[in-house]
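Q: To start, I am sharing the structure in question, which I have written as structure tokens.
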Amino acid sequence: MGEAAELLGVSADTVRRWADAGRLTAQRDENGHRVIPGPELASFAASLAASADERSEVSSARNRLRGIITAVTKDAVMAQVDIQAGPFRVVSLMSREAVDELDLRVGATAVAVIKSTTVVVERAGTARKHADEG
């Protein structure tokens, strides 16, 4: 249960509740511990990812990590934004103008949109669309 929770980015208690409610199929191993078969967990994880982000319908990028901004470093032209998305630290380099326009600051929620080797950062909950001019 603990490993499944880590892979899904939730607590072990959440995984237990999902199993108790029948959302996940758990089996008992030889020691009586509940385990979730790999294919079942993979299918469940895919279903969570498919329903997690309504913006994926308006973007070709499918890798979207929601998190909290932990650091913003700006100079005259460029900026670095650090986002902690669950156990993952995502760092994006962008123009200072983009950081200012999006009002990206420590403590704000944001979504790191990852396409190939480029990381585009969007402010979570913002209705405005921003074009990537890269």
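Q: Looking only at region 3-39, which residues are at positive phi and either at pLDDT 90 or above or part of a helix (DSSP H, G or I) (or both)?
A: Gly22, Gly32
Q: If you scan region 98-125, which residues turn out to be surrounded by 13 or more Cβ atoms within 10 Å (Cβ to Cβ), in a loop (DSSP other than H, G, I, E, B) and at pLDDT below 85?
A: Ala124
Q: Then there is this: Out of Ser60, Ser95, which single residue is out of contact with any Pro (no Cβ under 6 Å at 6 or more places or on another chain) and modelled with pLDDT of 90 or more?
A: On inspection, the qualifying residue turns out to be Ser95.
Q: Among the residues of region 86-97, is there at least one that is among the small types (Gly, Ala, Ser), open to solvent by less than 40 Å² (accessible area, probe 1.4 Å) and more than 26 Å from Ala5 (Cβ to Cβ)?
A: The answer is yes; a qualifying residue exists.
Q: Return the pairs, sorted by first residue and then second, in which the second residue is assigned to a loop (DSSP other than H, G, I, E, B), the first residue lies in region 28-39 and is closer than 16 Å to Trp18 by Cβ, the beta carbons are less than 6 Å apart, and the residues are 6+ apart or on different chains.
A: Correct list of pairs: Arg34/Met1; Arg34/Ala26; Val35/Asp29; Ile36/Leu24; Ile36/Ala26.
Q: Within region 74-85, count every residue that is out of contact with any Ser or Thr (no Cβ under 9 Å at 6 or more places or on another chain) and surrounded by 12 or more Cβ atoms within 10 Å (Cβ to Cβ). Reasoning before the result, please.
A: The initial filter retains those residues of region 74-85 that are out of contact with any Ser or Thr (no Cβ under 9 Å at 6 or more places or on another chain), namely 74-76, 85.
From the residues that got through so far, the ones that are surrounded by 12 or more Cβ atoms within 10 Å (Cβ to Cβ) too are 74, 85.
Number of matching residues: 2.
Q: Quick check on my filter: what residues within region 14-40 are open to solvent by 90 Å² or more (accessible area, probe 1.4 Å) and either over 28 Å from Gly67 (Cα atoms) or among the acidic types (Asp, Glu) (or both)?
A: Scanning region 14-40 gives Asp20, Gln27, Arg28, Glu30, Asn31, His33.
Q: Let me ask something else. With the requirement that a residue be farther than 30 Å from Leu7 by Cα and either in a helix (DSSP H, G or I) or in contact (Cβ under 8 Å) with a residue 24 or more places away in the chain (or both), what does region 63-78 give you? Steps first, please.
A: In the first step, residues of region 63-78 are kept if they are farther than 30 Å from Leu7 by Cα; the result is 73-78.
Result: Lys74, single match.
The values are calculated or read from the model by the stated rules, or taken from the named source; none is laboratory data. Every value quoted in this text rests on a predicted model; they were computed, and no experiment measured them. Every residue, glycine as well, gets a Cβ built from its backbone with ideal geometry; the counts of neighbours run over all protein chains shown. In case anyone asks, the SASA skips ligands and DNA or RNA and just uses the protein heavy atoms, side chains included. Shrake-Rupley method; radii C 1.70, N 1.55, O 1.52, S 1.80 Å.
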